[in-house]
Amino acid sequence: MKNIITQFSRIFVGVLFIISGLIKLNDPVGFSYKLAEYFSEPVFNMPFLEPFALGLAIFLVIFEVVLGVMLLVGYKTKTTIWALLLLIVFFTFLTFYSAYFDVVKDCGCFGDALHLTPWQSFTKDVVLLFFILILFINQRLIKPLFSTPKTNFAVYVSVVLCAFMAVWVLNHNPIKDFRPYKVGTNIEKGMEIPEGAPKSVVEMIFIYKVNGVDKEFTEKDLMNIPEGATFVDRKDKVISEGYVPPIHDFTMTKDDSDYKEELLKEPKLLVFITYDLSKSEPAGMKKLAKVTADAKAKGYKIIAMTASGADEIAKAKKEYNLDVDFYFCDATALKTVERANPSIVVIQKGTIVQKLHYNDVDDLKLSDVAYSL
């Protein structure tokens, strides 16, 4: 019976680590954004680690997949189980911290393929910890599946394949797009809220300084605020989260007006996405001018979307000879649309029909786009 439980734990933990790792390895840039969120000032206040977020993300996801393979094939059992235990203890701490202090809404454990609430993520890690402890206690029951050379070969191959996959998706698009803006998505429909969907319940909290101390008051307490108290701030406390549509922060703003409704009716719209012009890849930006000329010749309306300011926009237009209008959108939304900076998105009457990394501009098929839905 003990052996059955141990082998089940081995398979369960190994397979889950491989699946979780591969989903994140499919989109390491997205996982790096999540790590950067953990490193940010409101969470762990370690901004000096933010520049290393992508490197750490790639290392962690490859390590996660390879650990799963090592466990399944029985490679260096003691070392593998110790590594699994230390890793899951670390992740359990992170997810508990996120849930208890309500600082990170989604741990990114399964990328964009499956979103878990902070407490769901913590529960998942506690379950994994339980099974890894079973493996830790019964290490002697975990035997290699193959001879030593074959076992070593399986592990080495997994490392090479993971590294190859990481290089590929960093220089192109994710192999499988789980994001709300995948090809075939109609942006306007993605923003719709179904009739009868639950609404968020929000309580306004007012902060007043009373005798030198900041105190919080709800709306019903406003009549009881002590005389002489001075107003400091107001914040909204979410009592219960309502329905949030897959696309909820997408704008196309210019000169303080949102042109989203108008632009998403365009039958032939080409969009350059560059969330931060100061961080955009120069080689990619240089390719956009040629794309602009080709697209204009085929009757496309061409715009660019960024979260950068007017000075950065003017500098980029001059440096890269970009004769296009720039529209503002929140950086987080643009990072969700596309991971490359810059990238190209073709939209037909609000529906995304093509998305390209700047390395793949030669694959742009403007002439093949169907112009009627």
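The values are calculated or read from the model by the stated rules, or taken from the named source; none is laboratory data. Every value quoted in this text rests on a predicted model; they were computed, and no experiment measured them. Cβ: placed from backbone, ideal geometry, glycine included. Neighbour counts: every protein chain shown. For the accessible areas, the whole protein counts, side chains as well, though only heavy atoms, and no ligand, DNA or RNA atoms are used. Shrake-Rupley method; radii C 1.70, N 1.55, O 1.52, S 1.80 Å.
Name the residues in the range 35-53 that are surrounded by fewer than 18 Cβ atoms within 10 Å (Cβ to Cβ) and either in contact with a Cys (Cβ under 7 Å, 6 or more places away or on another chain) or part of a helix (DSSP H, G or I) (or both), would you?
Going through the range 35-53, the residues surrounded by fewer than 18 Cβ atoms within 10 Å (Cβ to Cβ) turn out to be 40-52.
Of everything in the range 35-53, those that are surrounded by fewer than 18 Cβ atoms within 10 Å (Cβ to Cβ) and either in contact with a Cys (Cβ under 7 Å, 6 or more places away or on another chain) or part of a helix (DSSP H, G or I) (or both) turn out to be Pro47, Phe48, Leu49, Glu50, Pro51, Phe52.
For the range 201-219, the count of residues that are touching a residue at least 12 places away in the same chain (Cβ under 8 Å), under 25 Å from His115 (Cβ atoms) and hydroxyl-bearing (Ser, Thr, Tyr) is zero. Looking at Leu22, Leu71, just one residue is under 18 Å from the mean Cα position of the chain (by Cα) and in contact (Cβ under 8 Å) with a residue 12 or more places away in the chain, and that residue is Leu22. Here is the figure for the range 281-336: residues that are assigned to a strand (DSSP E or B) and farther than 30 Å from Gly111 by Cβ total 3.
Go over the candidates Val353, Val346 one by one and state the one that is part of a strand (DSSP E or B), open to solvent by 30 Å² or more (accessible area, probe 1.4 Å) and in contact (Cβ under 8 Å) with a residue 40 or more places away in the chain. Before the answer, list the steps.
On the way: Val346 fails: open to solvent by 30 Å² or more (accessible area, probe 1.4 Å).
Only one candidate passes the filter, namely Val353.
For Phe59, are the conditions met, namely being modelled with pLDDT of 95 or more, among the aromatic types (Phe, Trp, Tyr) and in a helix (DSSP H, G or I)? Break it down into steps so the answer makes sense when it comes.
Working: modelled with pLDDT of 95 or more: yes; among the aromatic types (Phe, Trp, Tyr): yes; in a helix (DSSP H, G or I): yes.
Judged against the criteria, Phe59 is a match.
Taken over the range 1-35, the criterion of being of a type outside the set (S, T, N, Q), farther than 22 Å from Met165 by Cα and modelled with pLDDT under 90 is satisfied by Met1, Lys2.
Restricting to the range 95-109, and then to whatever is at pLDDT 80 or above and open to solvent by 20 Å² or more (accessible area, probe 1.4 Å), can you tell me which residue is nearest to Ile19 (Cα to Cα)?
Here the residue is Phe96.
Is it fair to say Thr92 is in the same structural domain as Cys162 (by the TED database) and open to solvent by less than 30 Å² (accessible area, probe 1.4 Å)?
yes
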